[in-house]
Each structure stands twice: as structure tokens, then as C-alpha cells.
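Enquirer: For reference, the structure I am asking about is given below.
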Number of protein chains: 2
Amino acid sequence: MQYPDSISKLIDSYMKLPGIGEKTATRLAFFTIDMDKSDVMTFAKSLTDAKTKLHYCSICGNITEDDPCVICTDTSRDQSKVLVVEQAKDVMSMDRMDDYHGLFHVLHGVLSPMEGVGPDDLNIASLLRRLQDNDKVQEVIVATNATPEGEATATYLARLIKPAGIKVTRLAHGLSVGSDIEYADQMTLMKAVEGRTEL
Amino acid sequence: MQYPDSISKLIDSYMKLPGIGEKTATRLAFFTIDMDKSDVMTFAKSLTDAKTKLHYCSICGNITEDDPCVICTDTSRDQSKVLVVEQAKDVMSMDRMDDYHGLFHVLHGVLSPMEGVGPDDLNIASLLRRLQDNDKVQEVIVATNATPEGEATATYLARLIKPAGIKVTRLAHGLSVGSDIEYADQMTLMKAVEGRTEL
């Protein structure tokens, strides 16, 4: 016996999502059947909407419905700073912090020779063009992740941008707030010692 | 800053699924944006299809696109046995075992006075009608889960069906195949001792 076609297809679709195997997909499919019809229809519509209405902002590469995005068109923001992140979702994490009110730029990845990702595969050319066209930018804050690829990308960007007389900074690395030294890894401790500040 | 409307709605939809919180929902939503357009459209369609094309079989209560379902219409199956399960997905688990070729009946739950689930809330009346109308059935195998509610439901069904001269059996409880006695709970060990067989 096989599941009815509608269920099999739904299970297959759920299995395309990251971290969802056959068992979870089956559980989700059966849960879907018992959901409110309106919720399921909203779900289906939001899926198609997400795929049809969303684009990358032509200026910063962030995900947006309107081009340019709300951040790029917000003149109340500090136009002298551009914070560079790997992924569009990092923009939200950074913006939620409420301490940074500058502009953003999304790379859509990091340099990774191992995986064949070079500078041309990232949103770097548009960043350089943006810095050339706009002489208000005084600082580029590189907020790539603290991975070897993230570090390499940061160094690469610094080498490209610094000659234009623009300050390039990198987010501080060290112990997370509230974390235990006991459980911190060696690299984090090393970074924390390197970046120590005077009291 | 807020996420574009299309993303927020998609995150909300993902959060309606069981075991998915805001962080996972956000990750899934951003993953969806990067998925193949055709995959997303198939996903959306399978959601609406699952909700519109699927019904419960009027005979056994299993989930099906056609009524009666493929199991109820399959005359090659052993018509003398009916295996009673709690949920539609249990039918598939049981059928996959390839050792049982009889019919099924789905209760859509178990008796639970604590949660206000009585006999009328379950698919029991149709089971009794089925047994009355069809004198081929000689055995009802109750395969509800080994929970207090499952046990109570099994006892309740046995009391209703036995007077009609139909054999009522219950799945064996004991140690799972491949499991360690060391990690088995007290109730399972008790059932294993109770149900011991001679070698």
C-alpha cells in the first residue's frame, strides 16, 4: 500500500526543507491535513508570494518587496556607515540590536575556494560601485561570521576598500555575554585575550 | 525594521507547524526564498491538494483520495480480520510490515475522559456497523498504543465486540527487538514477563 498521491507529494515537499527527514515530513503532512483549511491556504499563498514578490534590493542586496529596499531609501539613517553581512537574515539580526542605524550590504555568501566561490560569485562589485558613487561613506564594518571563510572575506574586502581612504572595521570577537570561560573554545579565548581592553 | 510582508507571513505559517519555533521558521522561510521556483510551487500545490482532495474513507476512516479507499476495495485482502488503529498514519506503519493482509479501521483518537473524548467522538459506531453488516469478520485486532488511554480503548472495544462472537485480540507488549533490558522501563519489563512464551 502507498500513501494517497496528495500525501506523498506533500511529504516529498516537506523533505526538501533543511533538517527534515522522512519521519518528520510524514508527521508534518498528517498534521497539515488536520489543520484549519484557511491556515493551509494562507501557507500555500505565502509560499508562492515569497517566491514571486521578493527580490534582492539592487543597491544593498537585501531581500525586499520594493526596490530599493526600506533601509536604502531611509534617509534618516546614518549614510556614513555600511555594515557588510553574509546573508540577508543577518541584516535583521543586526538591525534588531537597535544600536546601529547605518546602511547595510549583503554579500550572499563568503569567499570559499574549497567550494569554488570566488569574488565574482558574491555581491562585492556592487559594494565597490556603491562606495565609488557615494562619497558620504566613511566606514565599512565587516560583519562576516567568525569562520576561516568569513575572516578571509573580511581581509579581502579590507584590501580592496582601504586604498579608497575608507575606514574598514571588523566586529569584535571574544566571549559571548553571559558565557562561561570553562566552556569557551580555544580560538574564542585567544581572540578574547588579543582584544582585551583596559579598565 | 521589519521583514518584508511576504517573509513575515511565511514565517508565521511555518510556526503553525508542530515543533517549529520562530528561529527555525525564519531559517525555513529564508531557505524557501532560495529554493527552485518549481519546487516551491509544487509545495504550495501539494498543500492545497492535501486539504482539498483528501477525505476519510466512509468505511474504515483511513485518509484517501477516493471513497472507499484502496484497502477497503481490495478484494484480495483477508476479509476476516480488521486491525483497529488510533491514527491514519498507523495504517501505513502496519501495512508496511508486510505480514498482515487484512482490513483496517481508524478510530481517529482514543477514549480520554480527561480530555473529554468519549466513544461518540471516535470512529467506533461505524466499526460496529461494519461488523454487523459483514459476517465475514472473525477477528478484530486492537492496535491502539500502549498508553493508559490506548489500553482503556482496547478494553472498551473488546466489551462491545466480543458478545457478537467475534474474537478480539490485542498486539503483544514487551521488549522492542534489539533493545537493552538495562534501558527498558518497569511497565515494559512487567508486560514482557507477563507475556513470556515457552521455548
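Enquirer: Convex hull over the Cα atoms of region A:102-199, averaged projected area in nm²?
Expert: 8.4
Enquirer: Sticking with this one: What percent do you get for the relative contact order of chain B when only Cα pairs under 8 Å and 6+ apart count?
Expert: In percent, rounded to a whole number, it is 13.
Enquirer: So what's the gap between the Cα centers of region A:122-144 and region A:48-113, to the nearest angstrom?
Expert: After rounding, the separation between the Cα centres reads 12 Å.
Enquirer: Which entries in A:51/B:89; A:89/B:53; B:51/B:191; A:16/A:53; A:23/B:167; A:51/A:162 show an alpha-carbon gap greater than 29 Å?
Expert: With Cα atoms farther than 29 Å apart: A:51/B:89; A:89/B:53; B:51/B:191; A:23/B:167; A:51/A:162.
Enquirer: Averaging over every viewing direction, what projected area does the convex hull of the Cα atoms of chain B cover, in nm²?
Expert: 17.2
Enquirer: What are the distances, in nm and sorted shortest first, from the label point of residue B:135 to the label points of the same position in each other copy, with each label point placed 7 Å from Cα along the Cα-to-Cβ direction?
Expert: With the label placed 7 Å along Cα→Cβ, residue B:135 yields 10.2 nm.
Enquirer: Compute and list, largest first, the equivalent-ellipsoid semi-axes of region A:1-50 from the alpha carbon gyration tensor, each √(5λ) rounded to a whole angstrom.
Expert: Whole-Å semi-axes of the equivalent ellipsoid: 18, 14, 10.
Enquirer: List the relative contact order of region A:77-170 as a percent without decimals, with contacts defined as Cα pairs under 8 Å and 6+ residues apart.
Expert: Result for region A:77-170 is 31 percent.
Enquirer: Still on this model: By a straight-distance test (C-alpha under 18 Å), which aspartates and glutamates pair with residue A:9 as possible cross-link partners, with residues fewer than eight away in the same chain excluded?
Expert: A:22, A:34, B:36, B:39, B:49, B:65, B:66
Enquirer: Skip the ligands, DNA and RNA, and give the accessible area per residue of region A:77-170 with a 1.4 Å probe, whole Å².
Expert: 52
Enquirer: Also, I was wondering about something else. Tell me, for the rotation carrying B onto A, which chain B residue has the beta-carbon closest to the axis and what that distance is in whole Å.
Expert: For chain B, the closest residue to the axis carrying it onto A is B:44, 2.
Enquirer: Okay, moving on. Where does the protein assembly as shown land at 222 nm, in deg cm²/dmol rounded to the nearest 500, when only DSSP H runs of n ≥ 4 count, each adding -39500 (n - 2.57), divided by all residues?
Expert: When only DSSP H runs of four or more count, the value is -12500 deg cm²/dmol.
Enquirer: Please list, by residue number, every one of the trypsin sites (Lys or Arg not before Pro) in region A:124-189 that is coil in DSSP and has at most 14 other beta-carbon atoms within 10 Å.
Expert: A:136
Enquirer: In addition: Do any residues of region A:64-111 show a loss of at least 50 square angstrom of accessible area between the isolated chain and the full protein assembly, using a 1.4 Å probe, and if so which?
Expert: A:65, A:89, A:92
Enquirer: For region B:127-199, what relative contact order do you get, as a whole percent, if you take Cα pairs closer than 8 Å and at least 6 residues apart?
Expert: Taking the mean separation of contacting Cα pairs over the length of region B:127-199, I get 27 percent.
Enquirer: Next up: Could you look at the protein assembly as shown and say what percent of its accessible area is carbon and sulfur, using a 1.4 Å probe and all protein chains?
Expert: Heavy-atom surface of the protein assembly as shown belonging to carbon and sulfur, 1.4 Å probe: 52 percent.
Enquirer: A follow-up question, please. What does the copy distance list look like for residue A:152, label position 7 Å along Cα→Cβ, in nm and ordered from shortest?
Expert: 6.2
Enquirer: Please say if the protein assembly as shown is rounded, prolate or oblate, where rounded means a/c under 1.5 for a ≥ b ≥ c the square roots of the C-alpha gyration tensor eigenvalues, and otherwise the choice is prolate for a/b larger than b/c and oblate otherwise?
Expert: Prolate, because a/c is 1.5 or more and a/b exceeds b/c.
Enquirer: State the three equivalent ellipsoid semi-axes of region A:22-138, derived from the C-alpha gyration tensor as the square roots of 5 times its eigenvalues, in descending order and whole Å.
Expert: Over the Cα atoms of region A:22-138, the ellipsoid semi-axes are 35, 19, 13 Å.
Enquirer: List the distances, in nm and shortest first, from the label point of residue B:119 to the matching label points in every other copy, placing each point 7 Å from Cα along the Cα-to-Cβ direction.
Expert: 7.9
The values are calculated or read from the model by the stated rules, or taken from the named source; none is laboratory data. Since this is a predicted model, take the numbers as computed values, not measurements. Cβ atoms come from the backbone with ideal geometry, glycine included; neighbour counts cover every protein chain shown. When the accessible area is computed, the model is the full protein with side chains, heavy atoms only, and any ligands, DNA or RNA have been set aside. Shrake-Rupley method; radii C 1.70, N 1.55, O 1.52, S 1.80 Å.
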